[in-house]
Amino acid sequence: MAAKTSPNAVPAIEPGARCADASATPGDDALRDECARLRVALTESQARFDRLSTLTAHWLWEQDRELRFTRLWGSQRVDSVDLTSMLGQTRWERAGASADSGVWRQHREQLERREPFERFEYQAQSPDGQWRVYNVSGSPVFGADGAFVGYQGVGCDVTDLRRAEAALRASEARFRNFTQMGSDWYWEQDSQFRFVEISAGIGQRGDVTAQTHLGKARWELEYVNMDASTWRAHRELLERHEPFRDFQIQRPGADGEVHVYAISGDPVFDDEGRFTGYRGVGRDVTASVRAAQAQRALEAQLRESQKMESVGTLAGGIAHDFNNILGAILGNVALARDEIGPLHAAQQSLQQINGSALRARSLVRQILTFSRRQPPEMTCQPLRPIVEETITMLRATMPAGVSFELELTDSALQVQVDSTQLQQVLLNLCTNAWHASPEPTAALGVGLGAVELDAVAAAALGLGGSGRYAQLWVRDHGCGMDAATLARIFEPFFTTKPKGQGTGLGLAVAHGIVSSHRGAIRVTSAPAEGSRFDVYLPCQPDDAALPAEPVEARASSELQGRGRRVVVIDDDEVMLLVTQRVLLRAGYRVQTFHRAAEAIGAVRAAPDDVDLVITDFNMPDMSGLDVVRSLRPLRPSLPVMISSGHIEEAMRAEASQLGVRVLMRKECTLDEVAELADVALKGC
């Protein structure tokens, strides 16, 4: 039986071999010529093959029946493989591995079955000692008789390719991790602007997932809340294939609030310049948008605060000038009444002038109180006078149609408070009640009383413990509030008033002040039923020490000037004249000066002849404190009084350091100057 001829069988023609015996047959010459032609063709074919093999980065190989390399050739550029060193070795010996290990065992079994193989990869050391990855493919070779004679195939170094693939996989993994862990998400769209890829990062949005986007254009999604004109402008930009940055869309979030998302994208083109879609990123910018809104609100509040500070400064300056005017009026009225006698017909008119001036002085004092900037002064004091003073000021500032229904207890309710801050609380509550009243003729209820709270009631209000509390309330008959509004009533910047009619800070400030006084505010309200604000402050014992009378309070000593010399400095001529007349009547010798420099010069000329200097604080050429600094080198022990319409803590501290004996309220000059002069001279 003839042996089966393999289709891969190769003829055994060796270069230089003889084709046949020359004497065999008469046709030997033709056979020899054919053999010679075939030898030339084979040689040329082998040369062409060798030349072509040098143009590729691959190498060619042949193995014998024992699977040992018998021939290798290839490009001179294959420098990662020492082809010569591989001759006589099997592939696994070349790799330095056992033929019975892992993939090598499977590969050898395949070879023993004489099967072709493709893209088998293994690692081996290159001539420079590095481990590299090689990819080989081969086919079995059979002789003319069908017997297996070996393998032949091709190999290449794929180390750089595998490293690039590994780097790409690592880069994709990092990108995927970043997009999943970050707050941003990555997206891709096709040429019809439909989502084809979107990262898992969008799943952090709560009820939004990648599946809700895939296959849809952005304007087809149900979750967005945008008007048609905005989408139209955005789509026109996309159709022009233009990049875009921070395009903002909105949608209700899982928390019920409207969330804002910023989307950025760039168009994508293929190698031939054809538009293939968009890719970009998205980000939840709700927090930053809210922060920007809050910042704008704070900036507006800062501008409002600066405006109010300017108004306060202006009010303080105006009040200072008014103090001079009122001091002159009150002083001259008092002098006139003394001079004309108690039975004169003009006494009644002068009395009315005096009463009006006193009311004006009280109003100026309140303006100065609210325009001053100083730390809280917590003192134990009765609460009713503070409430009454605040109501008096409210009646002077609110429209005539606003009335007050007062329910004030007669009991002594003493509390530890800063009177100015508590007045601010009452002002804010009453102003809020007035604004809540729909009619211009609003009736506001203001009450003050005492209440005993047990531990449970005190805890419900957030108070420190059970005991006796002062209860101050403000009631209106306005529109009232629903539960949602009540829940936010003390939030800064929250307001139900129309734009431009409220800052949303009044009740927040009131709540902060009451909390700093260890108190609490309770609100009761219902729509169309009005509102009531109850302020609770811990009471002090009835016998608690009241604050001592300040230095500038009226003295009770008998007035005896005894001819002592007083230098008076004031840039207001009327005040200067009134002060002089009052001191002269009290028995002092008075020398007056409009300019501080002139007065200092007079003291310098005879420092021991002056017993007391009374100076205004606010003057054009120098302040009252500057006057004291100039006098100290001349006579350190010289008593000095300073008169001012606006006495602040900084001024008190500096005056004390300079040894000023007395600070006197400018508006009380007539009542106090003679008495306080006597106080300043005691011990001299």
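Give the separation of the Cα centroids, the stretch 131-150 to the stretch 567-600, in Å.
Centre-to-centre (Cα) distance: 127 Å.
³J(HN,Hα) across the stretch 120-136 via Karplus (A = 6.51, B = -1.76, C = 1.60, θ = phi - 60°), whole Hz, x for Gly/Pro?
Calculated HN-Hα couplings, in order: 6, 10, 8, 10, 8, 7, 7, x, 8, x, 8, 7, 10, 9, 10, 10, 10 Hz.
So, counting K/R as plus one and D/E as minus one, what does the shell of residues with Cβ under 15 Å around Ala460 add up to?
Numbers: positive: Arg522; negative: Glu452, Asp454, Asp534.
Net charge around Ala460: -2.
Take Leu427, Leu394, Leu168 and sort them by solvent-accessible surface of the protein heavy atoms, 1.4 Å probe, largest at the top.
Values: Leu427 30, Leu394 5, Leu168 100 Å².
I get Leu168, Leu427, Leu394, largest accessible area first.
For His259, which sequence-distant residues (separation of 5 or more, or a different chain) have an amide H within less than 5 Å of its own amide H, given hydrogens modelled in the peptide plane?
The list, which skips near neighbours in sequence, is Arg251, Gly253.
Would you mind pulling out the separation of the Cα centroids of the stretch 397-460 and the stretch 228-273, in Å?
Cα centroid of the stretch 397-460 versus Cα centroid of the stretch 228-273: 54 Å apart.
Given H placed on each backbone N at 1.01 Å, which residues far from Gln89 in sequence or on other chains put an amide H within less than 5 Å of it?
Phe69
Taking the Cα centre of the stretch 390-472 as the origin and placing charges on Cβ (Lys, Arg +1; Asp, Glu -1), which of Ala470, Ala457, Gln421 is farthest toward the positive end of the dipole?
Farthest towards the positive pole: Gln421.
Around Leu394, under 15 Å between beta carbons, what's the net of Lys plus Arg minus Asp minus Glu among the other residues? Please list the in-between numbers first.
Values: positive: Arg359, Arg395, Arg475; negative: Glu388, Glu389, Glu405, Asp476.
Every neighbour counted, the sum reads -1.
Considering only protein heavy atoms, what per residue accessible area in square angstrom results for the stretch 226-273 with a 1.4 angstrom probe? Before the final figure, lay out the partial values.
Details: 2900 Å² over 48 residues.
With all protein chains present, the stretch 226-273 gives 60 Å² per residue.
Rounded to whole Hz and in sequence order, give me ³J(HN,Hα) for the stretch 478-489 from the Karplus expression 6.51 cos²θ - 1.76 cosθ + 1.60, θ = phi - 60°, writing x for Gly and Pro.
Karplus values, whole Hz, x for Gly and Pro: x, 6, x, 9, 8, 5, 5, 5, 4, 5, 10, 4.
With each pseudo-label sitting 7 Å past Cα toward Cβ, what's the Glu220-Leu42 distance in nm, one decimal?
Inter-label distance under the simple model: 6.9 nm.
Given H placed on each backbone N at 1.01 Å, which residues far from Cys539 in sequence or on other chains put an amide H within less than 5 Å of it?
Arg468, Tyr469, Ala470
The values are calculated or read from the model by the stated rules, or taken from the named source; none is laboratory data. Computed from a predicted structure; not experimentally measured. Reconstructed Cβ throughout: ideal geometry from the backbone, glycine too, with neighbour counts over all protein chains shown. To get the accessible areas, we keep the full protein, side chains included, count just its heavy atoms, and leave off ligands, DNA and RNA. Shrake-Rupley method; radii C 1.70, N 1.55, O 1.52, S 1.80 Å.
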